[in-house]
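Handing you a structure now.
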Amino acid sequence: MTMTPATETETEEELDSALITARRQLERAATHVDVDPGVVERLKHPTRVQQVSVPLERDDGDVEVFTGYRAQHDDVRGPYKGGLRYHPDVTSDECIGLSMWMTWKCAVMDLPFGGGKGGVTVDPKDLSADETERLTRRFAEELRNVVGPTKDVPAPDMGTDAQTMAWFMDAYSMQQGETIPGVVTGKPPVIGGSYGREEAPGRSTAIVVREAVDYYEGDLSGTTVAVQGFGSVGANAARLLEDWGATVVSVSDVNGAIYDPDGLETHAIPTHNEEPEAVLEQDAPETLTNEAILELDVDVLVPAAVGNVITADNADAIDADIVVEGANGPTTFAADAILEERNVPVIPDILANAGGVTVSYFEWLQDINRRQWKLKRVNEELETHMLKAWDHIRAVVDEEGLTWRDAAYVVALSRIAEAKESRGLWP
Ligand code: NAD
């Protein structure tokens, strides 16, 4: 099918802002699903965006006021769910677009959640640990009326981590007068976090690579893989794939890539978290740029660093047989069309890295039930959920001849539309 053409005034960069992309993807999916146009219209808009001022007393006594947001896109299937990021580029529109993606991601995985996203417009590197804690506690208080285990459940995202979630949960619980671990996920296990949460997006990406290789009649033991971004998602995916027999020939961080045609020992390479920017310090026959890793002749390419890295400028040069999106939004709308034309399958982010939100769901269940699952159970349940989602999307690909991305959106939109139609429009 053809892509909606860009208007003359839109550059590719503008096209790929999260909100514009999310709306275009919704419109595109709606052409494949028999859905009431009123439902599509409703899904183009978030339920609400809470904008708050977050005053912070700096360590030197000065007071600075930051702006925070929580976009709540849709909750027809359950509480809003999605990350809180601390980043200088956080805007209301970005939060809305990302919250829409979370709606689709939760629906693809058939989780009883809708989509949310939020954050504070701040550079976390400019904050001391004490300042980050005070900012987080005040932000939690400003959002207190709109979050909660049955309303909206935030999680870590760019610039936030398990400690941020612990402070958020503590601030919320202190004000509510009881310990409520289910208000956020991605917490440390000692206060209700789930084992396996940190590893989960990389694990689900690896599972999807494994299934995709099998679908295209390959064998993991003869498969070469390149992974851009050796962070939480990329390193966990690369290490699991190596453990399962694949040959990981190249990995990168922000400074560049290393390449060994015989395969790298991924467990010996420190991840971004363990030792930031250590990839180029490793012994390897060759180094490459971050642009060149994307154009390697490999069986599977896993972009797992940042968004918008496969664009109209380099989509023709992608030499991998399969692309599996570990990062959120690594392929632009225009690049997607070129890869489709070239018959290069792209397995979308809303499936591949959805292990993160799936284990967040397990964490929420554990919190509500005041039980802790063992790591083995978490990984087994994740495997089951991923295979179920994979099978569903594969059936749509096979039966309707759609791309993997379109099939994933069709599955998501069908579930959401069905829920909306059966609940109706109130009043
Ligand atoms: P991370 O910070 O742990 O790692 C990011 C890696 O990418 C690092 O190795 C960094 O050096 C590298 N990198 C940064 N900028 C780069 C650039 N311009 N070019 C090439 N490499 C660059 O991050 P992460 O948590 O692994 O997240 C990676 C992606 O996966 C993001 O798109 C994120 O939104 C997405 N994601 C993360 C999770 C999660 O729970 N961690 C879940 C779902 C999706």
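Quick check for me: using +1 on Lys/Arg Cβ and -1 on Asp/Glu Cβ, what's the dipole size of the range 20-86 about its Cα centre, in debye to the nearest 20?
Here the size comes out at about 420 debye.
When the Karplus curve 6.51 cos²θ - 1.76 cosθ + 1.60 is applied with θ = phi - 60°, which whole-Hz ³J(HN,Hα) does each residue of the range 156-171 get, with x for Gly and Pro?
x, 8, 4, x, 10, 8, 4, 5, 4, 5, 5, 5, 4, 4, 5, 4
A further question on this structure: Go through 373, 284, 201 and say which Cα lies farthest out towards the positive end of the charge dipole of the chain; charges sit on Cβ, +1 for Lys and Arg, -1 for Asp and Glu.
Of the options given, the answer is 373.
Which of 151/374; 187/388; 81/187; 187/420 have a Cα-Cα distance over 21 Å?
151/374; 187/388; 187/420
Compute the label zone of residue 64 within the range 153-172: residues whose backbone N is under 17 Å from the point 7 Å along Cα-to-Cβ.
Label zone hits: 159-160.
Near the amide H of residue 58, under 5 Å away, which other amide H atoms are found, from residues 5 or more places off or on another chain, if H is placed in the peptide plane?
Result for residue 58 returns 63, 64.
Which whole-number percent gives the relative contact order of the range 200-352, counting Cα pairs below 8 Å spaced six or more residues apart?
22 percent
Rounding to the nearest 20 debye, state how big the charge dipole of the chain is about its Cα centre with +1 on each Lys and Arg Cβ and -1 on each Asp and Glu Cβ.
The dipole magnitude comes to about 2500 debye.
Tell me the relative contact order for the range 46-179 as a rounded percent, counting alpha carbon contacts under 8 Å between residues six or more apart.
Here the relative contact order equals 28 percent.
Over the chain, with the other protein chains present, what is the accessible area per residue in square angstrom, probe 1.4 angstrom?
Here the per-residue accessible area is 42 Å².
As a test of reading the structure, rank 216, 69 by solvent-accessible area (1.4 Å probe, protein chains only), most first.
If we order 216, 69 from most to least accessible, we get 216, 69.
May I ask which residue of 153, 189, 257 lies farthest towards the positive end of the charge dipole of the range 118-259, with charges of +1 (Lys, Arg) and -1 (Asp, Glu) on Cβ and the Cα centre as origin?
Positive-end residue among those listed: 153.
Could you tell me the relative contact order of the chain? Use alpha-carbon pairs under 8 Å, at least six residues apart, and round to a whole percent.
Dividing the mean separation by the residue count of the chain yields 16 percent.
Within the range 106-127, which residues have the backbone N less than 20 Å from the label spot 7 Å out from residue 144 along Cα→beta-carbon, could you tell me?
Under cut-off, by backbone N: 119-120.
Also: In the range 46-179, what % of DSSP beta bridges are antiparallel (nearest 5)?
60 percent
May I ask you to give the percent of accessible area on the range 46-179 that is carbon plus sulfur, with a probe radius of 1.4 Å?
That share works out to 43 percent.
In nanometres, what is the gap between the two model label sites at residue 395 and residue 297, each 7 Å from Cα along Cα-to-Cβ?
Here the modelled spin labels are 4.0 nm apart.
The values are calculated or read from the model by the stated rules, or taken from the named source; none is laboratory data. Because the structure is predicted, anything quoted here is derived from the model rather than measured. Glycine gets a Cβ as well: all are built from the backbone with ideal geometry, and neighbour counts include every protein chain shown. The accessibility values were calculated without ligands, DNA or RNA, using every heavy atom of the protein model including side chains. Shrake-Rupley method; radii C 1.70, N 1.55, O 1.52, S 1.80 Å.
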